[in-house]
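Single-structure report; data block below.
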Amino acid sequence: MGNIQQSTCSVIPQHMLRHMALHGDVHQRKRAAETLSHTALLTAGRAAFFRGVPHAAAVPHEKQRRIFDAGGETSLPGMLVMTEGGTRSTDIEVREAFDGSGAVYDFFDKVFGRDSIDDRGMQLDSTVHYGVHFDNAMWNGKQMVFGDGDGKLFKRFTSDVAIVGHELAHGITQYTSALKYQGETGALNEHISDASGIMVKQFLLNQSVTDSDWYIGVGLFGPGVHGIAIRSMMHPGTAYDDPILGKDPQPAHMRDYVRTSDDNGGVHINSGILNRAFFLAASRLGPFSWVIAGKIWYETAKFKLRPRSGFQDFANATVITAGEKFGFGGAVQRIVAEAWAKVGLPTPPGLMQAPASGLGRPLAGKTAAIIN
Ligand SMILES: [Zn+2]
């Protein structure tokens with residue numbers, strides 16, 4: 001295995017927690033500070049997880065799930081409480097984590113023929129009841145970690161399967177393009193997770209592009225919060241506007257790209273631009289997002305990116321993939337190019353024609369792939 005990137009692949013971005021730490025009541029401020037520090041601890045642990053930790057024995061194209069209960073503590077993984085083929089737990093978070101990771105496995109297996117995160121049957125481990133009122137969920141490089149939420153601002157993090165899909169897709173990115181988690185590249189990494197998360201949910205519920213609400217993290221907010229979800233892929237920047245959590249900062253067009261050192265350079269912010277493009281393309285290519293748009297996105301992310309690819313690299317690469325799969329200059333390729341143009345990432349005209357030589361096109365981005 002190569003050099004795995006180190007990153008905080010958490011659901012609740014730092015800007016939201018920081019706003020909460022400044023504007024919440026005394027308990028909320030304390031909890032936000034704790035969540036921020038635990039998130040940092042888990043991040044620091046990522047490198048260690050990847051040093052010499054062998055994978056569990058791989059069983060080809062068979063789901064292998066394990067759910068652990070941290071019992072309110074912060075040591076991982078906790079007590080093993082549910083396994084593949086074992087007795088079904090009575091604990092709703094345990095069941096949701098089990099069913100959610102199963103839905104993610106099934107989606108990638110049935111739609112893209114992928115055998116788990118590493119495409120070699122990697123065991124899917126999740127820990128629930130992590131910490132006390134922990135307001136986050138994350139992929140720590142090895143497993144899922146779910147907090148219970150504080151019950152007021154956030155409810156339990158296992159409840160939306162799009163979140164489970166988002167986090168496990170970070171694992172897939174580690175094993176494919178190994179995109180860095182910083183700036184434009186990090187926002188691309190976030191986008192690939194959001195696009196995967198929403199497709200997992202749509203596939204599970206058999207939702208067409210018009211049935212879906214295109215929200216990530218819907219239902220996670222407590223009853224008092226002014227907001228519907230963590231992010232909107234249809235209308236980035238409109239998911240929430242709350243005195244304690246702040247306002248959804250996502251742009252939907254390159255003209256509004258946010259330059260910031262916060263949030264690893266705006267990884268959860270500028271991903272809105274790419275999310276909007278995926279929504280636009282999938283909506284026109286329908287009826288189900290994963291059939292055409294999802295296939296183009298997945299194959300591009302798997303084969304055409306490098307660890308430092310940027311927005312334009314990805315946009316161009318999806319247009320090339322669309323041409324290769326569905327014909328250069330054809331309707332599918334034009335719709336993908338038009339979606340990118342609408343968010344301010346127009347396609348260079350040359351990409352709409354088949355390459356002259358049979359050598360194919362180079363990978364998008366600056367650094368050679370280092371994983372697999
Ligand atoms: Zn993420």
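Residue check: is ASP211 surrounded by fewer than 20 Cβ atoms within 10 Å (Cβ to Cβ) and touching a His at 6+ places or on another chain (Cβ under 6 Å)? For ASP211, the condition - surrounded by fewer than 20 Cβ atoms within 10 Å (Cβ to Cβ) and touching a His at 6+ places or on another chain (Cβ under 6 Å) - is not met.
Residues of the range 184-195 that are of a type in the set (Asp, Glu) and either surrounded by fewer than 24 Cβ atoms within 10 Å (Cβ to Cβ) or more than 12 Å from the ligand (Cβ to nearest atom) (or both): GLU184 alone. With the structure loaded, tell me whether ILE198 is in contact (Cβ under 8 Å) with a residue 60 or more places away in the chain, closer than 21 Å to LEU168 by Cα, in a loop (DSSP other than H, G, I, E, B) and not assigned by TED's automatic domain parsing to the domain that holds ASP150 or whether it fails that test. No.
Among residues of the range 241-272 being more than 16 Å from the ligand (Cβ to nearest atom) and among the hydrophobic types (A, V, I, L, M, F, W, C), the one that is nearest to the chain's Cα centre (by Cα) is ALA252. Going by the structure shown, is GLY121 touching a Ser or Thr at 6+ places or on another chain (Cβ under 9 Å) and farther than 18 Å from LYS201 by Cβ? No. With the condition kept exactly as written, say whether any residue in the range 161-183 is buried (at least 24 other Cβ atoms within 10 Å of the Cβ), within 11 Å of the ligand (Cβ to nearest atom) and assigned by TED's automatic domain parsing to the domain that holds ARG306. No, the range 161-183 has no match at all. The condition of being over 26 Å from MET16 (Cβ atoms) and within 16 Å of the ligand (Cβ to nearest atom) holds for only one of ILE117, ILE67, that being ILE117.
The values are calculated or read from the model by the stated rules, or taken from the named source; none is laboratory data. Just so we're clear, the structure is a prediction, and the values are computed from it rather than from any experiment. Neighbour counts run over all protein chains shown; Cβ positions are idealised from the backbone, glycine included.
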